[in-house]
Each structure stands twice: as structure tokens, then as C-alpha cells.
Amino acid sequence: MKGKSKVVESRYFGLLISAAVYTFSILVGYISGKYVLFVEPSFFNRYFLSQTNTKITWLAVITHNTLIILLIAIGGLLSFGIVSAAILFSNGFYVGLTIAFALTRVSITYILKKLLPHGIIEIPALLIASSMGFRLLQVVLLYVFRRDSFEPNWKWEVKNFAIMLIISLLLLLCASVVEVFVSQ
């Protein structure tokens, strides 16, 4: 198991899984929106335009996103990453689907102006939180495959979880300000 456990031993284990799930889900959402799912254009126009013309409050954005980050990190930890993967997949799928539908009505420049300013900060926050959700799975796998040479340091694990959660929440705080005051 030596060669195969290198990925499991990596400190980037959770981040790699999170990035793969998110990227894959964006692609699936985009392909679904472009080639598979049929949504009446008038429905999309009403939904998309109502979302883009509605002013959302910073408090609503930070509250929603904080709950999502906590659910991804804590729920993922307690479910060995299943909750993290499910939320990341649904979020990425929605992003891909929205991009596919939006491209039929607006320019790529418009979409990038709406997504990039806050997305460049928010997506790393999601990925960091999700990577924490996979940490218990990683520890269990390391213990199973490296029982003779691996002993979990639970004090370090808890401290690391808290630090990464704080980093995710701070990134999210910045992203929410940008989303409300720049991206809208």
C-alpha cells in the first residue's frame, strides 16, 4: 500500500478531493444546462433577471454563507466527507447550470463581472471548509493503512480544524462584502 497511500498521506488530501468534486460538478451543471436539461427561456429570464436586479443585503449573504460553511465543515467531518461532497456538488452544479443558461441571454463578460469578484474569494473558502470535512476520513484511512506508524494527534486536529474554520469564515466575510457591494 506504500505507493497508493501517498495521496491519503498528503496534507492536501481533502483539498484535492474538494477541488475535484467542485470542478466536476460545475462541468456536469454546464453540460446539463447546455445539452440535457430544457428550461423554458421565459422561466430562466424571470428567475435570472429577478436575481440580478434584486438588491440583497450583506446580512442575508453572510448569514446564508456562514451556515453553508459550518454545514460543510462540521457535517462533512461527522459524515466522513459525504455532506461536504454533496453540498459542493450541488453548489458547483448550480454554478455550471447558471452559466450555461446565462450564456444564452447575456455575454460571458457580464457573467464574469457577476461571479469573479466574490467567487475568487468565496470558492477557496468553500474548498477549505470542505477539505476539513474530509479530514476525519483521512485520519481513519491513515490509521487503517499505517497502523504501525500513524497515531492521530487529536489536540492538533482540533486546533487545525478551528484555525481552518476561522480562515474560511474570514474569507467568506470578505467575499460577502464584495458580493453585495461589487458583484451586484
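All of the numbers you see were taken from the coordinates with simple rules; none came from a lab. Keep in mind that what you see is a predicted model, and the values were worked out from it rather than measured. All Cβ positions, glycine included, derive from the backbone under ideal geometry; neighbour counts span all protein chains shown.
Want the number for residue 31 to residue 184: 0.36 nm per residue separation, take away the alpha-carbon distance, what's left?
Answer, rounded to one decimal: 52.5 nm.
Step through the residues of the range 160-173 one at a time and calculate ³J(HN,Hα) from phi using the Karplus curve (6.51 cos²θ - 1.76 cosθ + 1.60, θ = phi - 60°), rounding each to whole Hz and writing x for Gly and Pro.
4, 4, 5, 5, 5, 5, 5, 4, 4, 5, 5, 4, 5, 4
Evaluate the charge dipole of the range 72-172 about its Cα centre and quote only its size in Debye, nearest 20, assuming +1 on the Cβ of each Lys and Arg and -1 on the Cβ of each Asp and Glu.
Here the size comes out at about 200 debye.
What length, rounded to one decimal in nm, is gained on full extension from residue 63 through to residue 163, with 0.36 nm per residue of separation minus their alpha-carbon distance?
34.0 nm
Along the charge dipole of the range 74-169, which of 141, 78, 111 sits closest to the positive end, that is, farthest toward it, with unit charges on the beta carbon of Lys, Arg, Asp and Glu (+1, +1, -1, -1)?
Checking the options against the dipole of the range 74-169, the answer is 111.
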